[in-house]
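Values in this text are rule-based calculations from the coordinates and carry no lab data. If you're wondering where the values come from, they're calculated on a predicted model, not measured in any experiment. Here the Cβ is made from the backbone with ideal geometry for all residues, glycine too, and neighbour counts use every protein chain on show.
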Amino acid sequence: MAFNTLTEVQEQLREGKLTCSALVEEHLKRIEENQHLNAFLEVFAHDARSRATVIDQKIKRGSSGKLAGMIIGIKDNICFKGHKVSASSRILEDFTSLYSSTVVDRLLNEDAIIIGRLNCDEFAMGSANEFSAFGPVKNPLDNTKVTGGSSGGSAAAVAAGLCHVALGSDTGGSIRQPASFCGVVGLKPTYGRVSRHGLIAFASSFDQIGPFATSVEDAALIYEVMAGADEYDSTASQREVEKTDFSATSDKPMRIAFLKDALTDPSLDAEIRERTQELISQLQEKGHTVEGVSFPWMDYMVPVYYILTTAEASSNLARYDGIHYGQRSEKATDLESTYKLSRTEGFGDEVKRRILLGTFVLSSGYYDAYYGKAQKARRVVKEETEKILADYDLILSPTSPHTAFELGKKQLDPTVMYLEDIFTVQANICGNPAVSLPLGKHSNGMPFGIHLMGRAWDEKTLLEFSAQLMNNN
Amino acid sequence: MEDILKNYEPVIGLEIHVQLNTLSKAYSSDATEYGAMPNTQVNMISLGHPGTLPRVNEKVIEYAVRLGIACNCTIRERNEYARKNYFYADLPKGYQITQDTTPICNGGYVEIKDADGKDKKIHLTRIHMEEDSGKSIHDIDPFNTLIDLNRAGVPLLEIVSEPEFRNGQEAYNYLAEMRKLVRYLDISDGNMEEGSLRCDVNISVRPVGREKFGTKVEVKNMNSFRNVQKAIDYEIKRQVELIESGGEVVQQTRTFDAARGSTMVLRAKEDAHDYRYFPEPDLQPVIVREDYISRVKDNLPPLPKELFNKYRELGLNEYDASLLTESKEVALYFENLISHTGNYKAAANWIMGPVKSYLNDKAMHIEAFPITAEKIAQLIEMVDAGKVSNSAASGEMFRALIENPDQDPATLAKEMNLIQESDAGALMEHVHAALAKYPEKVEEYKAGKKGLLGLFMGEVMKLSGGKADPKVASKLVQQELEKQQ
């Protein structure tokens, strides 16, 4: 039942073979059985049950919304009125949100059931979900392995069938990389497509909310409900959201580029390279044009990403100061010690590392050399990527250079961890939409994803082609 | 000391913060009323709660453009916002949203009088939009600092002048001009005591003739125009004395102690913040187009300078014109008044005479003045037509109208028996009666004792019960006496 698409679930609901209440119970049971994964930080059992009763009645009356029957988990950096939201940090451990994020409001308006909040890296900073103040998430496919991050709880919950769909946020690959590690679909929409109102900010000009699902169709449905202009987020675009249409299975030949350097990168696992090449051949056989292009800016992307995101983060996280809300150190005696002790006790090492880095790159005397230069490099990467996408519909690559690694293995060296994002950051630097599709299976037993990046605002082409690719594999 | 001071040239620049009187905050929909209960005008955005994003209040842009036009600035088309990062207890987000490299207004100038009363232009460097912090209150609770976040996020315009002031008086005049301007533009209360207008000063001194600037000191925390003036004059003297005694001015921020009339160190240069400005990623740049600027310009309220020129053209002298434009409300009342009467001089005299003295007595603003401009205009017309005397209009009638502003002035004059008789027929009877009463005096008059005219006039006035128009009556008496000759 957990792996059915929503269309199938809703058919059964309409025919009376299934109720939302039964669905909720089933999922609560699965969550209970999978507690060892540490995917959920909190289960909203009471809430979910009472909403299920209401929605069941709506279904009987024929007045239910588009998402009736859909059980959703939300990453613990998305605000839901009256519920705790901690960004997996001690500093917000007991913080309750006064309001709901736009995405939560829109999902609830369509009768989705939100079943709980999902573990993640602290303030979404990390690529293994090992930087949560509340412990790492285990990969449901192999409990000795990581889920990837930062939206590890979301990926694990969907992969283990603890919810139909989960929301994550993606700043440099935080949806797509864990989707790859856990074998599910992960979508990062175009920057500005989905309102960030109610998303706890990591790096404001990179962050974007997106769904995890077991099918492209479900991901697309959730995306379409969430997307579109929002008066509470002035960076959310006014553009109309084009509806995907999966019934029109056109075999229209596509022009697809792959970055030659990405496929020859020495860090890339051999089996993943082979599978990617196999897919390329398969697409070519089907009449699509797939060509390698050179992109000499590959090496700049991860540094650009880390300079700009940490700069924004250092400012975004200044509000967690122990004064107005959140954790205040009990040892604090005055204003300065309130800041120092609350932040020292409240933030984990990785968050501190990034605040320090971001503060440094914005400091007077260093701004031009780091932040200023990175801004310029970001523009170049964006322009050059747009040039490729003027010629091609999509850019294809692996999502990650390897499959899920062992828990505790890489945490020791942050610079190694930072290379996790090598294939995914481009979409965040440029703002383009991208998906990770679970199209690979490694001989080590673990899944891996194939990554597609589309033109800005053209999620429709990206998603329709993704569905086609999934159906053919 | 006076002589020594003459050898130095003070270089002074002012930074004014004007709190805008918009109904809601700069980046959220909270109300902004002054004096509300602490922490009642706060929503999750002003509280800086996790996940909240700023929303631009378009009124702030309009107000900035208004001030920019009034100060002859260039208005920037593409306006970016920036974050100024620092930790303080009344700054919930840990940063202030402001503008850094792209201020909305650039250049421009304001015309003031210098200390000798001569015209002087003060050029502006920039005007930019930003948000206020909350208030830290240190003097209510003996053990804790209390925080009121009602003010957090209230929109401000920061007006930075070029360092063109030479003394405290000029700074005073500039502040008064700026306050007048923001009140005319209806963008701020411009009230220094309530904090809706604040001023920081940068001062250095250099020997006359030297090009290189001296070391700059910033002075903060002045709560009145006079204190700004005093702080500047004190600081000039302090710096000159320091240099004269072989010392050196060090770059620092000082605070003005109004009780002592002196400045004291607040923080040294080494303690200056590194604000780590960077572009605000949560707000799209705002594009201010030409047609928008023209629309704002077309709807701009009249400015003091324009009204001053207009009144001069209407024939008022410089003194009257400048007094009438001193406050916007007075000017608006006058504007209203002269839309009902063409006697501008009389209108000006009324405002500056009976109206102002009444307001002064009652310590009242003209907005609360009970008599409408239309009725004052009727009084002026009645005096001009000779129906009532000027002293009756500005005395008894004025007082009666204040008591009961709904009365019609014409009816009132009748009821109060103040209508002057200027009708020749009715008056003539009194003239005949007066002359008949004193036949021998008439003879004396004829013999050349012209001073007796007053006696006959007195009699006529007595007979008419004081209502005879003296001008008309005097003419009739003389005519009648000549006839009898």
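A few comments on the model shown:
- Share, in percent, of DSSP beta bridges within the protein assembly as shown that are antiparallel, nearest 5: 80 percent
- Computed from point charges on the beta carbon alone (+1 for Lys and Arg, -1 for Asp and Glu), the dipole magnitude for chain A about its Cα centre is near 460 Debye.
- The modelled label-to-label distance for the pair B:T145/B:D408, using points 7 Å beyond Cα in the direction of Cβ, is 6.6 nm.
- Value at 222 nm in deg cm²/dmol, rounded to 500, when DSSP H runs of n ≥ 4 in the protein assembly as shown each add -39,500 (n - 2.57): -11500 deg cm²/dmol
- Were the residues from A:S267 through A:D142 laid out at 0.36 nm apart, the gain over their Cα-Cα distance would be 42.7 nm.
- A simple spin-label model places the labels of A:S364 and B:N191 3.6 nm from each other, with each point 7 Å out along Cα-to-Cβ.
- Percent antiparallel among DSSP beta bridges (both partners in the range A:6-226, rounded to 5): 65 percent
- Rounded, prolate or oblate (a/c below 1.5 giving rounded, otherwise prolate when a/b exceeds b/c) for the range A:352-395 by Cα gyration tensor: oblate
- In the range B:302-411, a dipole from Cβ-located charges (positive for Lys and Arg, negative for Asp and Glu) runs towards its positive end, and of B:I376, B:A393, B:L314 it is B:L314 whose Cα lies farthest in that direction.
- At R0 = 35 Å, FRET efficiency that the Cβ-Cβ distance of A:K340 and A:R379 yields, to 0.05: 0.40
- Segment B:Y109-B:D271, extension gain: residue separation times 0.36 nm, minus the distance between their alpha carbons: 55.0 nm
- A full extension of the chain between B:Y292 and B:E367 corresponds to an added length of 23.8 nm, given 0.36 nm per residue minus the alpha carbon distance.
- For chain B, the list of Cys residues with no other Cys C-beta under 4.7 Å reads B:C71, B:C199.
- Here r is the Cβ-Cβ distance between A:T333 and B:S224 and R0 is 56 Å; the resulting FRET efficiency, rounded to 0.05, is 0.95.
- Sites B:S136 and B:E80 - FRET efficiency at Förster radius 30 Å, r taken between beta-carbons, to 0.05: 0.55
- Less than 5 angstrom separates the built amide H of A:G116 from those of A:F44, A:I74, all sequence-distant by 5 or more or on a different chain.
- Among the residues of A:94-106, the average count of other protein chain beta-carbon atoms within 10 Å of the residue beta-carbon is 2.
- Taking other C-beta atoms within 10 Å as the exposure proxy, A:F80, A:F134 rank A:F134, A:F80 from fewest upward.
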